[in-house]
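So the structure is just underneath, and the comments pick up after that.
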Amino acid sequence: MRDFHLPGRSSVHASNGMVATSHPLASAVAIDILKFGGNAVDAAIAGGVLLGLCEPQMTGIGGDCFALISRPGEDVVAVNGSGRAPAGARAATLRAAGHETVPEHSAHAVTIPGAIDAFARMSERWGKLGLADSLAPSIRYMEEGVPVAPRVAFDWAAQAGTLQGAARDHYLKDGAPYRTGDVFALPGQAEVLRRIARDGPQAFYDGEVAEDMLRTLSAAGGAHKAEDFAEVAATLGAPIEGHYKGRDLLEHPPNGQSATAILLLNILKRFDLAAMDPWGTERAHIEAEATKLAYDARNRFLSDPDYMTRLDHMLSDATAEALAALIDPKRAQRAVTEITEAVHKDTIYITVVDRDRMAVSLIYSIFHGFGSGLASEKFGILLQNRGAGFSLAEGHPNEMAPGKRPMHTIIPAMLREGGRVTMPFGVMGGQYQSAGHARFLTNIADFGLDPQAAIDGPRCFAEGTQLSVERGYAPEVRQALAEMGHDVVVPDGPIGGAQAIVIHENGTLEGASDARKDGAALGY
């Protein structure tokens, strides 16, 4: 139980349905959908699409999504709504132009948006109300606008410099970032959503809307064609699994980075975390060293599943055992890899559980803050830069190629205990997400924290050559980590964000939402 003398937030408890998102309006809309008779899929789509307006720097219909969907008595299904490189994309072309990585704010980094097709397929297969009802709240808010929340304004000010061309007209106010309380609207996207509600996803991938995006991409030197948009198709599959102290961790398979979370937990199993101070030096050090090793494997092996050959290697206990043996409990190792793929920190996550205990774990993103910085002129669709997740190294499994999906950082997750899904959860924060999943689960399993406390606890993250340590850690811990050889920095902003919903055995629901964002868990 938290100390009620100190700032914090309580978890939310309810019996009928629960939603947790990073923005209160999105949570409220999703709850309204549940009350109206919709299910978890209907509500997740409604709240997720609205977050493209409430947090436009994080996500939008020009982006991608991944989801895990659980219905009692059925296997969990993984939905891959990530787009592919256009048929004209070539790593060799960018290498010849002198690039070592994909230019983040160029048309070359724009992969075809996959989220809209995924939402349509999810609605058709699992939804009760239909896509039009899920989109209706966003259409109204896109037209009328919403007041900008404090964390969103913080990000807007930091990331507005990436906006270019028509994007500046749609996403700046008189040439300046929107501030807290300013009303922000996207009427062009309201029209796009109306067309999708009426005609289905083809209204996005064909005709005037697609032509609007193609004109922007062509003017910026992109190789995108109408055929690339017409061929978008979300795919369904089975999750991958890890196991930690009596709990099954269900993760989305590649091209997301979820295998990294499983590998990291398999390494951490070799250490007695429960005997350590949860916010002390020893745990932070061991976690940082394990993170470096797990992410090195990610950067070498992870890619589009059609190209990835080492998934079994990443998930094996033997690999984790060998990597754990490399950790010096008293000394930091130098960075074990040079990360050549782009790193980002912008994404949204929403989880919903309905009265029938269908659960949705959905993550939805445009990659970097404001994505590529490019937006279509007429409708203001901000285009993701997921192609910056490709490698340009010749022969790399994640090398950019026509029709290929890039390595993604966004990963939804669920916990299962005794054969029953007990908690959909997700951690935002780009590259941090795999480490965030491991930190969240070990907070619960090793230290007995409830989900809200597990989310609230301070975070640290070994990224490249530095160890980012939030201000929630004591100064003496940061000093001790530095003396062990870590290059300790305090990041300008917090590390990530998170949401979770517990499905208790007695039938009640418990929601948690991260104070690092503007969001809320709501139930009814």
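Read-outs: derived from the displayed coordinates by stated rules, not from any lab. Since we're looking at a predicted model, the values are computed, not measured. With ideal geometry, Cβ positions are generated from the backbone for all residues, glycine too; neighbour counts draw on all protein chains shown.
At-a-glance table
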| item | result |
| --- | --- |
| Under 5 Å, built H, 5+ apart or other chain: amide partners of H243 | L249 |
| Rounded to the nearest 20 debye, dipole of the chain from Cβ charges on Lys, Arg, Asp, Glu | 180 debye |
| Chain lengthening between V336 and H13 when straightened (0.36 nm per residue, less Cα-Cα) | 111.9 nm |
| Residues F36 and S218, FRET efficiency given R0 of 51 Å [Cβ-Cβ distance, rounded to 0.05] | 0.75 |
| Ranked list, fewest to most other Cβ atoms within 10 Å of each Cβ, for E463, E208 | E208, E463 |
| Where labels lie 7 Å past Cα in the beta-carbon direction, separation of K225 and R125 in nm | 2.9 nm |
| Within segment 420-478: Cβ-based charge dipole about Cα centre, in debye rounded to nearest 20 (Lys, Arg +1; Asp, Glu -1) | 100 debye |
| Residues with amide H under 5 Å from that of R420, placed H, sequence gap 5 or more | none |
| Set of segment 267-288 residues, backbone N closer than 18 Å to the point 7 Å along the Cα-Cβ line of E321 | 267-272 |
| Contour excess over end-to-end distance, with Cα ends at A96 and D3 and 0.36 nm allotted per residue | 27.6 nm |
| Mean Cβ neighbour count within 10 Å, used as a protection proxy, ranking 144-157, 417-430 highest first | 417-430, 144-157 |
| Viscosity 0.890 mPa s, temperature 25 °C, Stokes-Einstein D of the chain from Kirkwood C-alpha radius, µm²/s | 108 µm²/s |
| Dimensionless Rg/Rh of segment 1-148 - Kirkwood Rh, Rg from C-alpha atoms | 1.07 |
| Residue-by-residue Karplus 3J(HN,Hα) for segment 484-496, coefficients 6.51, -1.76, 1.60, Hz, glycine and proline x | 7, x, 7, 8, 7, 10, 9, x, 4, x, x, 8, x |
| Of A284, N266, Y244, farthest towards positive along the dipole that unit charges on Lys, Arg, Asp, Glu beta carbons give segment 230-332 | A284 |
| Between segment 146-187 and segment 371-415, the Cα center-to-center distance that results, in Å | 23 Å |
| Spin-label pair R168/T465, simplified geometry with 7 Å Cα→Cβ offset, distance in nm | 3.4 nm |
| Segment 385-495: Cα Rg divided by the 2.2 N^0.38 Å rule of thumb | 1.32 |
| Residues of type lysines that K35 reaches as a straight line, Cα spacing below 27 Å, ignoring anything fewer than 8 places off in the same chain | K128, K517 |
| Cα-based equivalent ellipsoid, segment 116-156: semi-axes from gyration tensor eigenvalues, Å | 28, 13, 7 |
| Cβ crowding within 10 Å averaged over residues, with 497-508, 310-321 ranked highest first | 497-508, 310-321 |
| Cβ-based charge dipole, the chain, positive-most Cα from L481, I69, M18 | M18 |
| Table column - 3J(HN,Hα) (Hz), segment 248-255, Karplus curve with 6.51, -1.76, 1.60, x for Gly and Pro | 8, 9, 9, 10, 6, x, x, 8 |
| Helical segments meeting 15 Å axial Cα length and Kyte-Doolittle -0.5 threshold in the chain (DSSP H) | 24-35, 40-54, 115-126, 131-144, 207-219, 258-268, 433-445 |
| Amide hydrogen neighbours beyond the local backbone of V489, cut-off 5 Å, H modeled | L467, S468, V469 |
| Gain in span if fully extended, E476 to L311, counting 0.36 nm per residue against the direct Cα distance | 55.5 nm |
| Ascending count of other beta-carbon atoms within 10 Å, so fewest first, for I350, I61 | I61, I350 |
| Ranking of E476, E287 by count of other Cβ atoms within 10 Å, fewest first | E476, E287 |
| Hz values of 3J(HN,Hα) by residue in segment 509-518 - Karplus curve (6.51, -1.76, 1.60), Gly and Pro given as x | 10, 10, x, 9, 9, 7, 5, 5, 10, 8 |
| Inter-centroid distance (Cα atoms) of segment 504-524 relative to segment 233-260, Å | 23 Å |
| Euclidean distance between Cα centres, segment 1-60 to segment 90-111, Å | 37 Å |
